[in-house]
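In what follows, a structure is listed as structure tokens, so that the remarks can point back to it.
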């Protein structure tokens, strides 16, 4: 069973695939807890908050989620999307393990090509078939200030590393990291300034 926060047709607004139409599946639940998170509504899965609801009520940025079988998610995508690209994000989608693998396989069976965006904090699991090769594109977005450290080995499977940066020292940290960490051949590095309040760090923009 998948915890689904939201699903909708979208235009990719970040990274290499900016401007491409994609169907976005936002899975619910996150282990990172970034202080600058822009999707807080996709984090909390505690029953005490009574946020589980129907699919229609869960749609939108409201902190609610619904529980769906992978086949139900595929059926919903097919009702709303005639293009090939599907983005699976979160939250942290890799937390959903075998159900995520099942979803990607089922989407591929009916012709969709899946992209994944992950924080890189959850290891791949070949025992359940959750491996990078089932995705057309893997974006790893490490967070320096998250509660859970990202797994450096995950970078070697990333087609794109999307690095949120708050200040110049974050760039220095990144440069040191990629010098000592194996990277996928041809991988792309995208720098993404973090919005601080209502503005960006002007020095980073320059």
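The values are calculated or read from the model by the stated rules, or taken from the named source; none is laboratory data. Computed from a predicted model, the values in this text were never measured in an experiment. Cβ atoms come from the backbone with ideal geometry, glycine included; neighbour counts cover every protein chain shown.
Annotations
- Selection over the range 59-108 of residues that are assigned to a helix (DSSP H, G or I), touching a strand residue (DSSP E or B) at 6+ places or on another chain (Cβ under 7 Å), within 19 Å of residue 1 (Cβ to Cβ) and touching a residue at least 40 places away in the same chain (Cβ under 8 Å) gives a count of 9.
- Any hit, the range 32-48, residues being in a loop (DSSP other than H, G, I, E, B) and at pLDDT 85 or above: no
Okay, residues lined up against (1) surrounded by 14 or more Cβ atoms within 10 Å (Cβ to Cβ); (2) within 28 Å of residue 60 (Cβ to Cβ); (3) under 17 Å from the mean Cα position of the chain (by Cα); (4) modelled with pLDDT of 95 or more:
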| residue | (1), (2), (3), (4) |
| --- | --- |
| 117 | yes, yes, yes, yes |
| 121 | yes, yes, yes, no |
| 148 | yes, yes, yes, no |
| 174 | yes, no, no, no |
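- A search for C-beta distances below 7 Å between a residue of the range 161-172 that is on the phi > 0 side of the Ramachandran plot and any residue that is at pLDDT 85 or above and surrounded by 13 or more Cβ atoms within 10 Å (Cβ to Cβ), counting only pairs 6+ apart in sequence or on different chains, returns nothing.
- For the residues 179, 156, the requirement of being modelled with pLDDT of 90 or more, farther than 26 Å from residue 2 by Cα and more than 12 Å from the chain's Cα centre (by Cα) singles out 156.
- The selection criterion, being at pLDDT 90 or above, over 17 Å from residue 31 (Cα atoms) and under 17 Å from the mean Cα position of the chain (by Cα), holds for residue 101.
- Residues in the range 80-92 include at least one that is modelled with pLDDT under 95, under 19 Å from residue 162 (Cα atoms) and in contact with a helix residue (DSSP H, G or I) (Cβ under 6 Å, 6 or more places away or on another chain).
- Check on residue 142, farther than 19 Å from residue 188 by Cα, part of a loop (DSSP other than H, G, I, E, B) and within 17 Å of the chain's Cα centre (by Cα): no
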